[in-house]
1. Using a Förster distance of 35 angstrom, determine the FRET efficiency expected from the C-beta separation of residue 26 and residue 141, and round it to 0.05.
2. According to the Cα gyration tensor, what semi-axes, each the square root of 5 times an eigenvalue, does the equivalent ellipsoid of region 45-176 have, listed from largest to smallest in whole Å?
3. Sort 81-91, 111-121, 170-180, 9-19 by the packing proxy (mean of other Cβ within 10 Å over each peptide's residues), most packed first.
4. Run the quick spin-label model on residue 166 and residue 1: label points 7 Å from Cα toward the beta carbon, then report their separation in nm to one decimal.
5. Take every DSSP beta bridge whose two residues both sit in region 45-176, then give the antiparallel share in percent to the nearest 5.
6. Between region 1-56 and region 118-164, what's the alpha-carbon centroid distance in Å?
7. Note down the relative contact order for the chain as a percent, whole number, built from C-alpha pairs under 8 angstrom at least six residues apart.
8. Assign one of three labels to region 32-115, namely rounded, prolate or oblate, based on the Cα gyration tensor with a ≥ b ≥ c the square roots of its eigenvalues; rounded applies when a/c is under 1.5, prolate when it is not and a/b is larger than b/c, and oblate otherwise.
């Protein structure tokens, strides 16, 4: 598995070696030893999540202020634009974001470490999104930075207005958000 540090070096893109022929394909989607070597520390995953969303659904930018979650994310059906925002106040990349297109075809995965807000937007008719988390979901600690915060300038590939949950539509600007 190829691991590439993105413009924010703690966010890592993983690209598997895919073996395919006329019967289909095979790839190793996760190898704990290789993963820990790439991120440079030990990690235990506590929970796996699977969501399905329609075209133009935008989820995020989510994080947990306590029980922070590192996330290893991938798409198994469809296509999404995935975004990680550094919200570690002492980080040289605080308030910066990186984005990657993840598809069922490219089989790429993104490691979003603790201390980041995370979101994605569905580009295909629908998409199924999987993610492993380093801690359990704790709704009492969940926070949301508004997806269109003008200070972040995330370049979402919008095709019309995004479809948002009430919670996401009422997200907090980064300037007023609880951060790490």
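1. Once the sixth-power term is evaluated, E becomes 0.35.
2. The three semi-axes for region 45-176 are 21, 18, 14 Å.
3. The packing order, highest mean first, is 111-121, 81-91, 9-19, 170-180.
4. Placing both labels 7 Å beyond Cα along the Cβ direction yields 3.8 nm.
5. In region 45-176, DSSP labels about 95 percent of beta bridges as antiparallel.
6. When both Cα centres are located, 19 Å separates them.
7. Details: 404 pairs, mean separation 52.4, N = 180.
Contact order relative to length: 29 percent.
8. oblate
Where a number appears in this text, it was derived from the coordinates with a stated rule and is not lab data. None of the values given here were measured: they were computed from a predicted structure. Don't worry about glycine lacking a Cβ; one is built from the backbone with ideal geometry, like all the others, and counts go over all protein chains shown.
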